[in-house]
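Please read the structure below before turning to the comments.
A short reminder: the numbers here are calculations on the coordinates, not readings from a lab. Note that this is a predicted model, so its numbers are computed, not measured. When we count neighbours, we look across all protein chains shown, and the Cβ atoms used for this are built from the backbone with ideal geometry, even at glycine.
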Amino acid sequence: MRGPKLSARLLRRVTIAGSVCALSALMLGSAAAAPAAEDGLNVAGFFNTPAANASLFARIDQLHPAWVRVFVNWSSFEPAPGDYETGQLADYRAFFASLPAGTKVDVDVVLTPSWASDSGNPATPPTNPQTYGAFIDYLANAFGSSVTDWEIWNEEDDAGWWTGTPAQYVGILQAAYTSIKAVNPNATVLIGGLAANDFTYLQSIYSAGARNYFDGVAVHTDDGCGGDASPYRFILNAGAQTISGASFLGFTTVHSVMVANGDGTKPIVMTELGWSTAGKDSGCTANGKPFAGVSESHQATYLKEAYHCLAQPQYSYVTAAIWFDMVDFGAASTLGDHYGLLTATLKTKPSFKAFEKESLDGDQLKGACGSFSGPQVTLLDPGQGKTYSGPLLLAVKAIGHGRPVREIQLQHDGKTIMYFNIHDAHAAGDTLSGELDWQGAKSLSLGTHTISAIATYVGGLSTTVSVTVDHVAAHKHHH
């Protein structure tokens, strides 16, 4: 989740507190296999009492996730060089040991201790990337095969988590990859989750030499400010037919960058997806107004729609989607605190039941994942094959079927005649229409020409219709 500078809330995401000694009797049953992308849960932190943890773990057991993702906070785990917090190590080991055979575990290792960065900001890169590699080596040996996936940092494209350059990120990626593969060659090394499907940052680390040092790319679709749309809805990147990273389906553009760099066979793991149920958050504004999350019912609906999207065969390269988060972080109105399936007091939201149903029975929905067609557009005039000799009447109508039509472009032979939009054409609801007595048609050469109308949604999808017309010489009148 893209967010502000590190806060106590974010630090809680990467710190396990309290005792987990009773985990073995409380954790999951067998993980259910799901078609296409497997489901999973982010467990960002535990409670301070065994009783509260027992309730949490019973809830996890009820959900049967195929994956569990946790954070390891390097800065608290190794507060001095070579001085490891063995209590934390024991907690993690107990947690992993309690998971049934076959549960995949993703460990995300983040935050630099001050001794390794000469900085008080844990988002600062280590001065020597090998110190990160050495810590990863320690963890890989300590955890062994219980950890299947290693995520190298978190949202390194966001200054709240990483203040370094792409080249510095590649430095710790190389060090970590080498350490992990030396201990467990079968482990999967993931590019740290890219906030809002940040395909631009992915290309920057490819350019810095990342390609041979990871097995898959992690992405995040739980955009902290603005994530209120259904996963079916999307916008296109300006001037392109690729989906914006701010849209859930923006992972498709991440995949296209991987293909372009020769990595099309590597998987994408969505290590964070989710929608916040917070009220208005003054820290996020749109048009000068505080931005709000979604209702609890919409959160449940979007969960089902997201897993439905990822069940589509064309997206089989997304191998897992791990919900963020299991539990709300607190009662504040901040958007980032309310992504949970459970409230901070472990009360279930509708999304909890939706996840449980998804985990046990698989995809519950039918039909397409969103609409990839543009508006319905009709050239009312001219008709196909019309013969003309003077000006040409052009009349067009576009219907958005519930979505706003941004504009209609009229063309002749691929060249722009004019644009209609809501300011210079008739607009009513989702319909846009316009009419032009085009005098310029008289200047076209004699013969056949193509007249086209291109209608475009606000999100960028377009539909084109065309007709051919025949320009003939005007009849001369004899007296």
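Points worth noting:
- Helix axis angle, 129-143 relative to the chain longest principal axis, alpha carbon, degrees: 60 degrees
- In the chain, the longest principal axis of the Cα atoms and the axis of helix 86-98 are about 70 degrees apart.
- Taking the average, over residues, of other Cβ atoms within 10 Å as the packing measure, peptides 98-105, 270-277, 161-168 rank 270-277, 161-168, 98-105 from highest down.
- Remark: relative contact order (the chain) = 13 percent; criterion is Cα-Cα distance under 8 angstrom and separation of 6 or more residues.
- Placed amide H near D157: partners under 5 Å, 5+ positions off or other chain: A195
- Computed from the Kirkwood radius of its Cα pairs, the Stokes-Einstein diffusion coefficient for region 104-247 at 37 °C and 0.692 mPa s stands at 206 µm²/s.
- Between region 142-180 and region 261-304, the alpha-carbon center distance in angstrom: 23 Å
- Difference of contour (0.36 nm per residue) and Cα-Cα distance, Q130 to T416: 97.3 nm
- FRET efficiency, S55 to T178 (Cβ-Cβ, R0 41 Å, nearest 0.05): 0.50
- Multiplying the residue separation of S443 and L380 by 0.36 nm and subtracting their alpha-carbon distance yields 20.5 nm.
- Averaged over residues, the count of other Cβ atoms within 10 Å places the peptides 179-186, 330-337, 150-157, 65-72 in the sequence 150-157, 65-72, 330-337, 179-186, highest first.
- Computed from the alpha carbon positions, the gyration tensor of region 316-357 leads to an equivalent ellipsoid with semi-axes of 22, 13, 7 Å, biggest first.
- Label zone at A395, where the point sits 7 Å out along the Cα-to-Cβ direction: region 410-437 residues whose backbone N lies under 12 Å: 434-437
- Selection from W150, G340, S443 lying farthest towards where the dipole of the chain points positive, charges on Cβ: S443
- Per residue convex hull volume, Cα atoms of the chain, in Å³: 159 Å³
- Computed extension gain for T265 through H426, at 0.36 nm per residue and net of the alpha carbon distance, reaches 53.1 nm.
- Pair-distance profile P(r), taking every C-alpha pair of region 376-471, with 10 angstrom steps and integer %: 17, 52, 24, 7, 0
- Stokes-Einstein, applied to the Kirkwood radius of region 260-367 over Cα pairs at a viscosity of 1.567 mPa s and 4 °C, places its translational diffusion at 86 µm² s⁻¹.
- Rg then Dmax, both in Å and based on the Cα atoms of region 37-179: 15.7, 45.
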